[in-house]
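Inspection log for the structure reproduced underneath, given as C-alpha cells.
Bear in mind that the values in this text are calculations on the coordinates, not laboratory data. Owing to the predicted nature of the structure, the values given are computational and were not obtained by experimental measurement. Every residue, glycine among them, receives a Cβ derived from its backbone with ideal geometry; neighbour counts consider all protein chains shown.
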Amino acid sequence: MNKLKLSRIIISVFIFILFIFVFLGLPFNFVVHLQFIPVFINVFLNHKMIFLFLILVTLTFVFGRVYCSMLCPFGTLQDIFIFFKYRFSKNKYFERQKNHRYFRYFFTGLLFLFFFTGNIIFLSIFEPYSNFGRITNGIIKPALYFINNLISSVLQNFDVYLIKIVETHNFYPGSFFYAVIILILIAGLSFFKGRFFCNTLCPAGVILGIISKFSVFKINQNKDRCNLCGVCAKVCKAGCIDYETGNIDYEMCVNCYNCLAACKKEGLKYSIGFKSRKMDLPRRDFINKTLSAIITFTIATAPFKLLANSVIIKKKNPVILPPGAKSIYNFNSKCISCHLCVAACPTKVLTPTTIEYGFKNFLQPKMDYSQSYCLYDCNKCSQVCPTGAIKSISIIDKKRIQIGVAKFEMKNCIVYEKETDCGMCNEYCPTKAVILKPYKNGLGIPYIREHICIGCGACEYVCPAKPNKAIYVEGRTNHEIIDFPRKRDGIQKRNRRHNNEFPF
C-alpha cells in the first residue's frame, strides 16, 4: 500500500475515533475546532478562531483537500461505506463524475446567503460536522451504550463488575429518524457515487475545492510512465480523473491517494506542480431571491384526567436556552445542530427540539426540565460548542446567568391542595430563590424571589405535583445577570473579596 494512502487511513481513523469519544463525553474537544464550517462561523460572526481558519486554509493551499480526506469525520464515515463497496460489491469501481461547478457555487452561495440573513437551518442540513454529530448522538452513541450495558448485564450475572452500566438518554423520535434518514442517504450516495456529497452538496468541500485548485502539492501525471490504462480512474472515489486523458480535476480531488496506490507503473506522483488554470467562477452575481419553505406539523396530544383543582400551565416562553447562549437570536443564528452539547450534558437536560424554534432552526437543542435540570456548577455545554452559539463561560459566571425565571401556581401545590408538608423546590434550589413563607397549620408554601433566580429548573423537575407542576420556569429570550444576595434576603456573604459567587 502506498505510504501516503496508509498515512491518510491512519490519521482519518484516529480523528474519527476521537470524535466518537467526544460525543461519549471524553475530553478530546480540541478536534471539534478542526472543523471548517464551525471555524468559518466563528471567524465571521464571533471574530474568533482566525488563526485556526488560516491554518485550515493554508493546509489546503499547500497540500490540497487533506481536510476532506483526513480531518472531516463525515468524510471518513463515507469512506467506511465506500470500503464496503470495494469489499463486497461486484462493481467495485466508480464512474467519472461531472464537475457541476455552476450549481455548486450557486448552491453554496445560497446556503451562506440564508445563513447571513439569520436562517442557519439550510447550512446545518448540508454542513458535514452537524450531520455527523446528529448521526453519532442519535444512532452510534445509543448503539455503543446498548452494547456496553448488554455486556455489563451478562457479566454481572457471573458476579463480574468490570464494565459499568451507563445511563442512556431518552429517545427523541424527531432527532433519531432524521439521523436515520441522513445515514441511509449518505450510505447510498457513498456506495454508488463515492464522494458525491463532498463535491456537490458540501459547503466546506466547495470552498476548499476552489482553494485546492491552486495547491502547491498535487497528484500529477507522469507522462513518461503513464500508458492511460485507466486503473487510477477506476479507484478514484471522487471521480475526478479522466479515463481517456488522465487529467485530474483538482477542485474535486479529495486527496485519498487511492490512485497512487493503484498505479503500479508510477504513472502518477504527488509533487509540486503549478498548472495555470483560470478559476471558472460565475461572472454574474448570485440570483437575489427569497426561498420559502412552509412545513406544517400537526401534533396530537391525548387528553388526560386532571386533578380536581389542578390548573393547566401554559408557559408564555417554554423554550429555555442553555447558559452562555446569551439570546435567542445569537443561539438560533449560530447553532448548527451538531448535538455535541446534548452529548456532553451530564444531566441530559439538553434535548433536541423539533419545531419549537421554528422550521428554520429544526433540531436545535433546548433545556427540557421534564427530563432533568441544569447543574449549578456545570458549564460543559459552553465548553464544547464549536460555533459560539453557546459562549464559553466560567463556572462563576454561569452561576449568575438568568436563563429563565421560576413561577408558582399555588392551586397545583401539594401544600395547598392536600395541606401536607413538601418543600422540595426550596430544598433543591441552589440560590435559595425559592423560600417557604408561613402558610397555615404550621406549613410553609413556596415564594419565589425572582431577582436571584437563575432558571436552572431544579424546582420544576423535583416538584411532585401531578399532572401539572406547581412551580415551573419561564424562559428568557435574552439572558440577564442576576443580583447578588443581599443581607435583607437573609443570607450573609462568607467572603466579601469574592463577591462573584453565591455563598451557599
- Task: List, in order, the whole-Hz ³J(HN,Hα) value for each residue of segment 126-134 obtained from phi through the Karplus relation with A = 6.51, B = -1.76, C = 1.60 and θ = phi - 60°; use x for Gly and Pro.
- Result: 9, 6, x, 5, 4, 5, 5, x, 5
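Tally Lys/Arg at +1 and Asp/Glu at -1 over every other residue whose Cβ is under 10 Å from the Cβ of ASN317; what's the total?
For residues surrounding ASN317, the net value is +2.
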- Message: Can you give me the angle between helix 141-156 and the longest principal axis of the chain, using Cα atoms only, in degrees from 0 to 90, rounded to the nearest 10?
- Response: 70 degrees
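Would you mind working out the magnitude of the charge dipole of the chain relative to its Cα centre, with +1 at each Lys and Arg C-beta and -1 at each Asp and Glu C-beta, to the nearest 20 Debye?
Working: 64 positive and 29 negative charges, 221 e Å.
For the chain, the charge dipole is close to 1060 debye.
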- Message: Quick check: the angle from helix 101-116's long axis to the longest principal axis of the chain, C-alpha only, nearest 10 degrees?
- Response: 20 degrees
- Task: Work from the charge dipole of the chain (Cβ charges, +1 for Lys and Arg, -1 for Asp and Glu, about the Cα centre) and give the residue of THR168, CYS263, GLY475 farthest towards its positive end.
- Result: CYS263
- Under 16 Å from LYS334, Cα to Cα: lysines that are on another chain or at least 8 residues apart: LYS48, LYS326, LYS360, LYS366, LYS391
- So if R0 is 35 Å, what FRET efficiency would GLU450 and GLU167 give, r being the distance between their Cβ atoms, rounded to the nearest 0.05? 0.60
- What is the dipole size for segment 26-114, taken about its Cα centre, with +1 at each Lys and Arg Cβ and -1 at each Asp and Glu Cβ, in debye to the nearest 20? 440 debye
- Taking the Cα centre of segment 328-489 as origin and charging only Cβ (+1 Lys, Arg; -1 Asp, Glu), how large is the dipole, in debye to the nearest 20? 260 debye
- Task: Could you compute the FRET efficiency for LYS411 and ILE10, with r as their C-beta to C-beta distance and R0 at 41 Å, rounded to 0.05?
- Result: 0.05
- Query: Which angle from 0 to 90°, rounded to the nearest 10, does the C-alpha axis of helix 50-63 make with the longest principal axis of the chain?
  - Reply: 20 degrees
- Item | Taking all pairs of distinct alpha-carbon atoms in segment 19-60, Kirkwood radius in angstrom | 10.9 Å
- Task: Choose one of PHE114, GLY133, LEU71: the residue whose Cα lies farthest towards the positive end of the charge dipole of segment 3-272 (beta-carbon charges +1 Lys, Arg; -1 Asp, Glu; about the Cα centre).
- Result: LEU71
- Message: Taking 8 Å as the Cα distance limit and 6 or more residues as the minimum spacing, I'd like the relative contact order of the chain as a percentage.
- Response: 15 percent
- Dipole axis of segment 328-489 (+1 Lys, Arg; -1 Asp, Glu on Cβ), positive-most option in ILE401, CYS413, LEU436: ILE401
- At what distance in nm do the modelled label points of PHE191 and PHE28 sit from each other, each positioned 7 Å from its Cα along Cα→Cβ? 2.7 nm
- Task: Distance from a point 7 Å along Cα→Cβ of ILE20 to each backbone N in segment 142-168: keep the residues under 13 Å and list them by number.
- Result: 142-148
- Task: Would you tally the net charge around ASN170, using a Cβ to Cβ cut-off of less than 11 Å, leaving ASN170 out, and scoring K and R as +1, D and E as -1?
- Result: -1
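Find, to one decimal place in angstroms, the Kirkwood hydrodynamic radius of the chain, where the mean of 1/r is taken over every pair of different Cα atoms and then inverted.
Numbers: mean 1/r = 0.0388 Å⁻¹.
Hydrodynamic radius (Kirkwood, Cα pairs) of the chain is 25.7 Å.
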- Å³ per residue of the Cα convex hull, for segment 3-272? 155 Å³
- Note on the structure: In the neighbourhood of ALA343 defined by beta carbon distances under 14 Å, the net charge of the other residues (Lys, Arg +1; Asp, Glu -1) is +3
